[in-house]
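The values are calculated or read from the model by the stated rules, or taken from the named source; none is laboratory data. Everything numeric here is computed off the predicted structure, so don't read it as measured data. Virtual Cβ from ideal backbone geometry, glycine too; neighbours counted across all protein chains shown.
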Amino acid sequence: MRTLKPLRLMLACTCALLIASVASCVDHSAPESEFGCESAATVSFTAQINPIIQSNCAIVGDGGCHNGGNGPSLDWRVFENFQSHALHVKDRVTRPANAAGHMPKIGSITDEQIRLIVCWVEQGAQDN
């Protein structure tokens, strides 16, 4: 009977580790339906997305990561560069503010701005 106690303890620890592993694999990002993109009007890059980029991403000086200083492909002032990174941008802006890789690095954007970016990407990241 003494050998059963260590086995039970080992089994309990194994179960706890398995549960912790599975829980850590859960996607904690907001579901896309939360953004209401299914019924959203077409988001305009020119009128809605580009102003967000210009005031939060491609700024000159502190916090201006996407103004060409980090390499030409990360210059969001060039539409094709931003468009080619659209899915990556969507991922970064929807991460929790304290999560690694959250964007923007400095400052913040509103929930409405995040929704616009997500919906623009979901609508095909068009040059419109």
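Details
- Looking only at the range 84-128, residues that are among the charged types (D, E, K, R), over 23 Å from PRO72 (Cβ atoms) and assigned to a helix (DSSP H, G or I) come to 4 in all.
- Among the residues of the range 39-83, the ones that are in a helix (DSSP H, G or I) and within 22 Å of ARG115 (Cβ to Cβ) come to 15 in all.
- All of (1) assigned to a helix (DSSP H, G or I); (2) modelled with pLDDT under 95; (3) not β-branched (Val, Ile, Thr) hold for SER29 with one exception: (1).
- The condition of being loosely packed, with under 15 Cβ neighbours inside 10 Å and at pLDDT 95 or above holds for only one of THR110, THR94, that being THR110.
- Summed over the range 42-72, the residues that are more than 19 Å from the chain's Cα centre (by Cα) and at pLDDT below 95 give a count of 10.
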